[in-house]
1. Pick from 222, 208, 152: which is most flexible by mean-square fluctuation in a GNM of the chain where alpha carbon atoms under 10 Å apart are linked?
2. Report the gain in length on full extension from residue 77 to residue 229: 0.36 nm times residue separation, minus Cα-Cα distance, nm rounded to one decimal.
3. Counting other beta carbons within 10 Å of each Cβ, put 99, 252, 14, 86 in order, fewest first.
4. Using the beta-carbon distance between residue 249 and residue 11 and R0 = 25 Å, what value does 1/(1 + (r/R0)^6) give for FRET efficiency, to the nearest 0.05?
5. Starting from the Kirkwood radius over alpha-carbon pairs of the stretch 133-266, derive D by Stokes-Einstein at 37 °C in a medium of 0.692 mPa s and give it in µm² s⁻¹.
6. Does the stretch 75-163 come out rounded, prolate or oblate, given a ≥ b ≥ c as the square roots of the eigenvalues of its C-alpha gyration tensor, rounded meaning a/c under 1.5 and, failing that, prolate meaning a/b above b/c?
7. State the antiparallel share, in %, of DSSP beta bridges confined to the stretch 108-257, rounding to the nearest 5.
8. Can you give the Rg and Dmax of the chain based on its C-alpha atoms, in angstrom?
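Rule-based calculations on the coordinates, nothing more; no lab input. All values reported here derive from a predicted model rather than from experimental measurement. Counting neighbours? That spans all protein chains shown, and the Cβs are built from the backbone with ideal geometry, glycine included.
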Ligand SMILES: [Zn+2]
């Protein structure tokens with residue numbers, strides 16, 4: 001590991017730590033995370049930050065956070081608390097796409113139906129243009145066929161599975177994947193971007209798009225999806241407006257504790 005890498009919590013700005021806890025709470029508030037699922041943020045080329053093994057909604061202080069290595073998905077500190085078994089989703093995506101700054105893994109039940117049907121999830125309302133005309137689906141069974149000794153519990157529990165999933169996001173363009181979102185068959189989805197806030201936004205609007213698409217299918221008529229050009233044009237909308245609202249929503253809710261928030265400091 002190079003000298004200028006961030007390898008300890010004490011090297012991370014309080015602003016980023018606070019924002020990370022907010023992201024965990026916001027994703028729970030919006031039903032993207034329950035007891036399971038997780039978000040991470042890159043700290044430096046070879047490290048990233050993620051919760052320890054707990055429901056992210058309950059992460060409250062730096063004691064709940066761990067610095068991980070991109071190289072192998074293991075914690076930098078030998079005495080780190082237990083981590084998520086699926087942390088290799090994050091490490092392998094950071095490895096494959098050097099400009100990706102944040103990764104979300106969600107088990108959203110709004111999205112899972114599209115991972116097991118032949119109907120692709122695609123952009124059908126203007127906040128979700130980044131989804132494009134067909135979100136890819138990664139099928140873990142392709143790895144199981146090659147390595148039948150796996151437990152086959154659908155989870156991404158090592159670097160081999162993580163690498164195969166990362167590849168499904170497509171080739172790297174300027175260090176970012178071709179597809180910002182990929183569904184995981186019978187499991188959930190992954191969203192990526194160049195910032196923590198944008199990854200949260202993409203997660204929220206991926207689930208909202210799934211709800212809209214499902215409702216439109218229920219009408220039983222032909223659906224007019226967004227074109228590729230419309231998707232690219234609307235995909236540029238930012239987080240400036242929603243983020244402060246989302247932060248306020250979780251700060252006002254007593255379920256969530258954020259020891260690093262200004263609101264909680266004397
Ligand atoms: Zn999972």
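1. 222
2. Working: separation 152, 0.36 × 152 = 54.72 nm, distance 4.60 nm.
Difference between extended and current length: 50.1 nm.
3. Numbers: 99 15, 252 9, 14 12, 86 22.
Fewest-to-most ranking of 99, 252, 14, 86: 252, 14, 99, 86.
4. Values: r = 30 Å, r/R0 = 1.20.
According to the calculation, E is roughly 0.25.
5. The diffusion coefficient I find is 183 µm²/s.
6. On the way: a/c = 2.11, a/b = 1.37, b/c = 1.54.
It is oblate, given that a/c is not under 1.5 and a/b is not larger than b/c.
7. Working: 6 of 8 bridges.
Close to 75 percent.
8. Values for the chain (Cα only, Rg and Dmax): 18.1, 59 Å.
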